[in-house]
Amino acid sequence: MASHRTAAYLDGVCDDPGDVIHVTVPADRHVGSRIDGVRVHYSRHVHRTRHPTRLPPRTRLEETVLDLVDSAPAASEVEAWVTRANQRRLTTPGRIAAALRLRKRIRWRAMLEGMLTDVAAGAHSPLELRHLRRVERAHGLPRGTRQRRVGERRASWIDVDYDEYRLRIELDGRIGHIEEGQFRDRRRDNRATVDGRTVLRYGHADIFGDPCGVAAEQACVLASRGWTGRIRPCGPGCTVAAA
């Protein structure tokens, strides 16, 4: 059966099948000779992980995600695979968590368990996950409402909304914020300003490169709008400590 990135491509989790075809066979079988462009994986749980009806035969989508997580060389790839599958409405955090419980051994387990909780709370991309964990939680900022719908006829979603303090955070990834997306975002920001709300917009370089600086900036705006809490350093090297 197709598995890993090949199965992910077949099910729409990714748009690029990659240069290698991944297949999984039962552990008691053996492929005698190497096949160029094909990587063979072995599994003792083919009866459980194989999708019962889809053709060509492939792993169940949740199992595909877990296979990709298990082989991911970096934490950023773990975030990308899990959030992409959820963002495209192909599965849910609960279904991935259920599949995870059946696996005795998997790389990145602790991180994955925590991330599934975050995704279920409304964080839909690695950028949003990083903001939730490294900016908001790590620095003791108030909890924002994620993916809040606004508008009636032409609904849009606010990435992080601190409604009590009339502050909105927009997290711009590399997809969806070019050309028409830029004009849509500008109109939305302008409407928010007219309504007396402040919009702070951040990209990957901000959230991944300087989460402490982002937290300090947000805390400054929140304090100017009535927040009485105190920002805290996220660790020994946090730049907030010197602020």
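The values are calculated or read from the model by the stated rules, or taken from the named source; none is laboratory data. In this text the structure is predicted, and so the values were computed from the model without any measurement. So basically every Cβ, Gly included, is an ideal-geometry build from the backbone, and we count neighbours across all protein chains shown. Ligands, DNA and RNA are excluded from the accessible area calculation, which covers all protein heavy atoms including side chains. Shrake-Rupley method; radii C 1.70, N 1.55, O 1.52, S 1.80 Å.
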* Accessible area per residue, Å², the chain with all protein chains present, probe 1.4 Å -> 58 Å²
* To do: Summarise the accessible area of the chain (1.4 Å probe, protein heavy atoms) by the percent that is carbon and sulfur.
  => 49 percent
* May I ask for the equivalent-ellipsoid semi-axes of segment 202-243, computed as the square root of five times each C-alpha gyration tensor eigenvalue and listed largest first in whole Å? => 18, 14, 6
* To do: Amide H neighbours of G140 under 5 Å, at least 5 residues apart or on other chains, H built in the peptide plane: list them.
  => R232
* Asked: Of T228, A110, A27, which is farthest on the positive side of the dipole of the chain, counting Cα position, with +1 on Lys and Arg Cβ, -1 on Asp and Glu Cβ, and the Cα centre as origin?
  -> A27
* Using every Cα-Cα pair within segment 87-144, state what percent have a distance larger than 15 Å. => 53 percent
* Sort I21, I106 from largest to smallest accessible area, using a 1.4 Å probe on the heavy atoms of the protein chains. => I21, I106
* Asked: Assigning unit charges at the beta carbon (Lys, Arg +1; Asp, Glu -1) and nothing else, what dipole magnitude in debye, to the nearest 20, does the chain show about its Cα centre?
  -> 800 debye
* To do: Could you work out which residue, out of R60, R146, R225, moves most in a Gaussian network model of the chain, that is, has the largest mean-square fluctuation with Cα springs under 10 Å?
  => R225
* Structure fact -> Quick note, segment 1-59: a/c under 1.5 would make it rounded; otherwise a/b > b/c is prolate and the rest oblate (a ≥ b ≥ c, C-alpha gyration tensor); here it is oblate
* Structure fact -> Once amide hydrogens are built 1.01 Å from N within the peptide plane, the residues lying 5 or more places from R103 or on another chain with amide H under 5 Å from its amide H are none
* Asked: Using just the C-alpha positions of the chain as equal point scatterers, what log10 of I(q)/I(0) does the Debye formula give at each q in 0.07, 0.12, 0.16 1/Å?
  -> -0.31, -0.78, -1.14
* Asked: Which cross-chain or sequence-distant (5 or more) residues have an amide H under 5 Å from the amide H of R58, H modelled 1.01 Å from N in plane?
  -> A2, H51
* How big is the antiparallel share of DSSP beta bridges in the chain, given as a percent to the nearest 5? -> 45 percent
* Which residue, H51, H131, H30, tops the fluctuation ranking in a GNM of the chain built on C-alpha contacts under 10 Å? -> H30
* Structure fact -> So, over other residues within a Cβ distance under 13 Å of D70, counting Lys, Arg +1 and Asp, Glu -1, the net charge is +2
* Compute the Rg/Rh shape ratio of segment 49-155: radius of gyration over Kirkwood radius, all on alpha-carbon atoms. => 1.03
* Asked: In the Gaussian network model of the chain, springs joining C-alpha atoms below 10 Å, which of D172, D163, D67 carries the largest mean-square fluctuation?
  -> D163
* Asked: Each residue of segment 40-49 in order: what ³J(HN,Hα) in whole Hz does its phi give by Karplus 6.51 cos²θ - 1.76 cosθ + 1.60, θ = phi - 60°, with x for Gly and Pro?
  -> 9, 10, 10, 9, 8, 10, 4, 4, 8, 8
* **For the chain: relative contact order, % (alpha-carbon pairs under 8 angstrom, 6 or more apart)** => 13 percent
* Asked: Just from its helices, what would the mean residue ellipticity at 222 nm be for the chain, if runs of 4 or more DSSP H residues each count -39500 (n - 2.57) and the sum is divided by every residue, rounded to the nearest 500 deg cm²/dmol?
  -> -11500 deg cm²/dmol
* To do: Run a plain Debye calculation on segment 1-115 (Cα atoms as equal point scatterers, no solvent) and give log10 I(q)/I(0) at q = 0.16, 0.18 Å⁻¹, rounded to two decimals, same order as the q list.
  => -0.72, -0.92
* Asked: Once you put a point 7 Å from the Cα of F208 and another 7 Å from the Cα of A75, both along the Cβ direction, what distance in nm separates them?
  -> 1.3 nm
